[in-house]
Every structure is written in structure tokens, then in C-alpha cells.
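First up is the structure itself, then whatever we jot down about it.
The values are calculated or read from the model by the stated rules, or taken from the named source; none is laboratory data. All values reported here derive from a predicted model rather than from experimental measurement. Because the Cβ atoms are built from the backbone with ideal geometry, glycine has one as well, and the counts that use them run over all protein chains shown. Heavy atoms of the whole protein, side chains included, go into the accessibility calculation; ligands, DNA and RNA do not. Shrake-Rupley method; radii C 1.70, N 1.55, O 1.52, S 1.80 Å.
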Amino acid sequence: MYRRLFHLAIVGHVNTYAKKYDQLPFVENETYIPEHFINYVSTLVEKGGYQYMCLGNMYNQIDYSVDEGLSYVMKLMAKPISRQELIDTMNENMTVERTKDDGTKHIVSSEQYLNESIAHIQSLGYFAK
């Protein structure tokens, strides 16, 4: 199959079309997450899409850490917003609880979870201006 694909590319029968897509950092009140990315993640984690496909990074590695919490944060970032507004909304509507290796549970602060989520979303390349 690869030999055939390589041959088709050489003789000009395979065309690829793409647009340059920069991985932008989060910038308060400037960057946002486009609706198609929000819908994609929401479909995977909230509507059962994970039984058919999964999210991957740019190296085609499966990303198991995408969950309802990340989907919620992405929905909050559908329009440009400040970090403080995000933290305030998350404090009101969301609690993240994690279990340590020894079995004890602890609450993750909204600020910490937001920082982790922003780094994750940025690595996926979902921010736009």
C-alpha cells in the first residue's frame, strides 16, 4: 500500500490540501476556541463518540485525558474571556476531585485545573484569534 501511495504522489495523482494552523497560546480577552472544536470534543466525551473513535495529538497518540471537565472549560472559552472570569465561573459550577495513589481524595483548585486545561487545549492547537 505504501509503495502505491508513494508512486501516486510522485506521478501527481495524490493531492493534499491543508491550511496552516498555528498553535496559539491562550491570551486573555483575545483568543477563543472555535465551535467546531468544541462540538468535536463534546461529541466524543458527552455523546458517546469515544466508542467509535478517540482524540489524538499531532503525533497520532491517543489522548486519554480528555474528559467532561475539559469539555466544560472549552465551552466557557467559546468567546474571548479573561482568566479571572473563567476561574469565577468554575468556582461556582465545577469541583474537580482527584484520587492519589494511596487512595486519598483531594480537591483541585479551579486555578490549577484551568492552567492544566489551557496547556492541554494549547497542545491540541484549538485556540484561535
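Considering only residues of segment 31-66 that are under 10 Å from the mean Cα position of the chain (by Cα) and open to solvent by 60 Å² or more (accessible area, probe 1.4 Å), which is modelled with the highest pLDDT?
Among those that are under 10 Å from the mean Cα position of the chain (by Cα) and open to solvent by 60 Å² or more (accessible area, probe 1.4 Å), it is Tyr40.
Looking only at segment 68-95, which residues are surrounded by 12 or more Cβ atoms within 10 Å (Cβ to Cβ), part of a loop (DSSP other than H, G, I, E, B) and without any contact (Cβ under 8 Å) to a residue 40 or more places away in the chain?
Met94
Only residues that are among the small types (Gly, Ala, Ser) and part of a helix (DSSP H, G or I): list them for segment 109-129, please.
Ser110, Ser117, Ala119, Ser123
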